[in-house]
Each structure stands twice: as structure tokens, then as C-alpha cells.
Amino acid sequence: MKCSFCGHLEDKVVDSRANADGASIRRRRECLACARRFTTYEQLEERELMVVKKDGRRERFDRKKLLAGLLKACEKRPVSISDLERLVDELELSLSQEFDREVASREVGERVMHKLHELDPVAYVRFASVYREFKDAEQFMRELKALLARSAANS
């Protein structure tokens, strides 16, 4: 670390403490050349996951946007916000572990639908109808019949 007073490149760490939020570490350093003390902060570099849209555009993974979509799908359903936040947390964690920098929006949507199907079938159908952009009532009915068949098989 370069001394902020004399520019010397060698120092020793006198004290280290994690900040209250745990997001960074405060280090008190002493320059080995001029003996003056200075403070540095160290924090984890976060990798930003990019979502590749159907048309090739890229945008940052936005948990707020995803949560808003889930809230809309779960409107007037017995699904708590904490359940939805947990779903988004789990999804974000799994995506960041499996994908280095980019993930296809199709992958995100399919994973959301899978988790939502387990949480609330009606919310799943609502989300699927928007996500899959059903073109007509017949396409929507096929999805409902498949959902009913899966439910009957699981019973």
C-alpha cells in the first residue's frame, strides 16, 4: 500500500477491524519510511451477473425487478413476501455459483418458474403466462392441463 504522506510502498498493519456492517475491513497502517499512520479500507469486489436477454441485450441481474414480477404473480395469493425474498435469495446464490459473468434470461425464467411452481401453482401459471408470452388461449390451456396432470401425478 502506498503511503498517503510520502508515497513509500512499504508499511505495516497496526490494527484491523471489520466495520459494523461486515462489508469492509478498516486497517490502520504505519509507513516504514516516515512512520506516519494512515487508514485504508478493504472490501470484497462483487462480481456483477449480467442477464442476456432474448434479443442479445445485456443488463445487470436486478433482484428488485425479479421480486416485483413475483409480487405481481402472487398478488392475492397466500404467499408471504419473506417466501418470495427467500426464493430470490436462493436463485441469486445458485446463479452466481453456477455462472461466471452472464446467464441467459431463459435460464433465469425457467428457474423462477420451477421454484414458483413448488410455492404456489396459481402464481406459477400467472408468471408463466407473462414469461412464456402465450399467443392464444389454446397455448395457455395446454400449460394449465400440463400443470393439472403434474398435480394429479403428485397426489
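Every number here is computed from the coordinates shown, using simple stated rules; none is lab data. No experiment lies behind these values; they were computed from the predicted model shown. With ideal geometry, Cβ positions are generated from the backbone for all residues, glycine too; neighbour counts draw on all protein chains shown.
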Calculate one ³J(HN,Hα) per residue across the range 15-21 by plugging θ = phi - 60° into the Karplus curve 6.51 cos²θ - 1.76 cosθ + 1.60, and present them in order as whole Hz with x for glycine and proline.
-> 7, 10, 9, 7, 5, 4, 7
In percent, how large is the relative contact order of the chain, given Cα pairs closer than 8 Å and 6 or more residues apart?
-> 15 percent
Rounded to whole angstrom, the alpha-carbon centroid of the range 1-79 lies from that of the range 85-108 at a distance of 19 Å
What does the convex hull of the Cα atoms come to per residue for the range 50-154, in Å³?
-> 107 Å³
How about the chain: what cysteines have no other cysteine beta carbon under 4.7 Å from their own?
-> CYS74
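Can you check what the net charge comes to around LEU32, using other residues whose Cβ is under 10 Å from the Cβ of LEU32 (Lys, Arg +1; Asp, Glu -1)?
For residues surrounding LEU32, the net value is -1.
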For CYS34, list long-range residues whose amide hydrogen, built 1.01 Å from N in the peptide plane, is under 5 Å from its own amide hydrogen.
-> none
